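We did not get these values from a lab; they are worked out from the coordinates using the rules stated. Fair warning: this is a prediction, and the values are worked out from it, not measured in the lab. When we count neighbours, we look across all protein chains shown, and the Cβ atoms used for this are built from the backbone with ideal geometry, even at glycine.
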Amino acid sequence: MFTDFSSSIMLISLIAGALACFATFGFVASLYKANPDKYIKLLSVYTLLVGLGLFSIHFMNMRAFNHTYMNELSYFYLLIALGFSCSVAYAVLHTANKLTLPIYSLIISGLQAGFSGYGIFIFFTKAMLAGQFEILLLPSILAISIAVGVGILSIITFYWLKSYDGAHRYSVRAFFSILISTGILSTHLAFNTCLSAVSAYESDGSILNSSFVTMLFAMVLIFVFLTAFIVVVFYDRLNPNIVKRINFKNTTSVTNPLDSFDPLTKLPNRNALNQHLQLAAKRCDRLGDSMALAYIDLDHFKPVNDSFGHHVGDLLLIEVAERFNSAIRNCDYIARAGGDEFVAILGEIDAHESIVAVVQRVIDAVKEPFFIEGHLIEISCSVGVAIYPRDGNLEKLKVSADAAMYKAKENGRNQFRFYDAEIEQASDEMQKIRKELLDALEKHEFTLYFQPKIISKTQAPAGAEALLRWRHPSKGLLTPIYFIEAAERFGFIDKINNWVLIEACKTIHDADKNGIQLNLSVNLSRQQFRNAQLVDHIKSIMEEYHVAPQSLIFEISETHAIHNQSQFKKLLSKFKSAHLKVSIDDFGLHPFSLTYLQNLEVSEVKLDKSFTSGVAKYGSALAIVDAVVKLAHALNLTVVAEGVESDDQREALITTGCDQLQGYFFSKPVPAEQLFAIYYKLHANFNDTGEFSISDYLDLTPSSEEV
Ligand code: C2E
Ligand code: CA
Ligand code: CA
């Protein structure tokens, strides 16, 4: 089919192609490790190098297959062909370096590579071939499709192997280099079938080799290429040893592989992590190096499990692990420490910045939404970093990284923090509170206090707000500001909130038995917001204690509502369909809340204390309250003013038409028995005088609330 001359050039071209691919693996790996500021520069250089490589391979291929040349090359066309070579190189290098490889981006880059490949061929032909030729449409379409296919497979290969650092790194790269080079050659064979001569240079009408045979040959090569590729990928997925080599970076000396990796994510587990950490620390001690320990915790993973089920949670963890694994460098190590916690050990840390780049990549890796079993899932992660040996021995290091991670969470999640002295102090304090909170739950140290809400016009009791208190064994009665944040951080808030709800229902039930029809407001915390089962859960507790829906109203802070608008709207509609009432707490702190209010299906707004404190002093505050009350009334909402501390404030608020009042002026929060006593007194006096008296609200024992 080919002359000896052409087949030997073909072999050389195949070898040259394989060498070029091998070098390209190196380029991709180096780009992958590059700092963001150097990335563009390196990408340009590598694009040019790989472009030149491709250009030379095509040059050889042309020589191998074509027998008629012009003596004079057209340099202009050659330059255009070089441009197309660089375009192919760019498509491969840039796409292979992306953090994730969504299908559309893969297809676009594959198309770019395929069409540019065709461009190289056409312009080479124009530059080199004497005589005229015609482009045949059908073979061209077929050839371009083959080129796109080879492009896509090559991109996947480079993408997939860029962070592979197993024991047989070079053999794996060499193997795939040969495959890709075969793909390039096959593409060229297919291109050869696209032209037909119109001048007298070739007598058989075809300017190149017989198109049918060439095409057949091309197809066979492509088939071999594809099959080999698929078999290897498939094998890789099935064989745990290879999976281990592909996924694990720097997996040194793990005694028993089965004890050392997590069956779900295929990452090393806590055992392997500890072993690796010990070895890495020894290496640091010996060489005087440093390493960083990064604790990575997914934000809001639990609600994913709660809302979509554990199966989806598991699939999410697998994808997260893959993304983390490709975000770290070859010299790093990542393990799953359990649940939604991952730990990375970062080596070769010459400067703070080099860790920052990797850690930021880890955070960015989960920023793009996940699409799992038809659910679009958005999560983030918080990372705490401690440095060995600077931040202490190995034991201390773990605690420090953990403390830094909590600080990152506290600062609003989706970020990283380095361990420092300030965190150290805070972490000691937090550990203490954590233990105390655990005890508090076990020893039933929580209790509910109730602060009456009053109907402005008649002074009749409208109900009460349930407020959480902690009877601390040594510090006395604590209000939530001292412990709610810690409870959220340590994951105790669910239990506490649950307890509050049950206790509130019990109180309504008790009140009922005592002849009091009591309405209670219960505060929801920001965590509860994300729980898709919240409403069902509330309903089941209410049914258990025979509490009617109108006896409870749920307060949600405006700040949380505004920060999670879409979630909040969904939650609201669930509350509505369950006939449960919702109140927006601390209302008015955000400038756009008035317009926002229009679209919400809530029953009540609770003006923030800051408005109440201003109404008696400043005309402006009164005017704002006045406007809010009017708008709320237009929307059929009840307005409650909280933090009423003086009679002046009460009077000013009444002029605005504010429906209900709550504050120390009437009563501080009191225990349930005292609340009942207030109700009895109010009703007894009402029966005598026909009026409700403010003085009856004042709690019977003024020192009932101390902090
Ligand atoms: P909040 O919902 O805005 O509750 C009103 C707070 O204002 C209460 O503080 C109450 O004691 C206080 N207060 C009432 N009247 C006056 C007044 O006239 N002047 C002043 N200066 N303050 C007044 P507390 O009980 O310390 O609660 C603080 C926050 O803790 C609450 O703010 C609420 O967001 C949260 N919280 C309270 N109980 C619970 C609960 O059971 N679960 C959850 N998740 N959060 C709760
Ligand atoms: Ca409240
Ligand atoms: Ca409030």
Subject >> For q = 0.18 Å⁻¹, Debye-computed log10 I/I(0) when each Cα of segment 537-647 counts as one equal scatterer >> reply: -0.91
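Quick check on the exposure proxy: order Trp499, Trp470 from fewest to most C-beta atoms within 10 angstrom. Intermediate results must be reported in sequence, preceding the final value.
Working: Trp499 16, Trp470 22.
If I rank by nearby Cβ atoms, fewest first, I get Trp499, Trp470.
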Original post:
Under 5 Å between amide H atoms, partner at least 5 residues away or on a different chain: which partners does Val644 have, H built in plane at 1.01 Å?
Top reply: Gln662, Gly663, Tyr664, Phe665
Original post:
Given H placed on each backbone N at 1.01 Å, which residues far from Phe261 in sequence or on other chains put an amide H within less than 5 Å of it?
Top reply: Asn269
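Antiparallel as a % of all DSSP beta bridges within segment 441-698, to the nearest 5?
40 percent
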**OP:** Rank the residues Ile508, Ile654, Ile541 as a footprinting-exposure proxy: fewest other Cβ atoms within 10 Å of their Cβ go first.
**Re:** Ile654, Ile541, Ile508
Subject >> Phe76-Arg286 pseudo-label distance in nm [points 7 Å out on the Cα-to-Cβ vector] >> reply: 6.5 nm
**OP:** Under 1.5 on a/c is rounded, so check that first for segment 359-412, then, if it is not, pick prolate when a/b is larger than b/c and oblate when it is not; a ≥ b ≥ c are the square roots of the alpha carbon gyration tensor eigenvalues.
**Re:** prolate
**OP:** Compute the distribution of all C-alpha to C-alpha distances in segment 441-698, in bins of 10 Å from 0, and list the percent of pairs in each, rounded to whole numbers.
**Re:** 7, 30, 37, 23, 4, 0
**OP:** Compute the whole-percent fraction of alpha carbon pairs in segment 264-419 spaced more than 23 Å apart.
**Re:** 33 percent
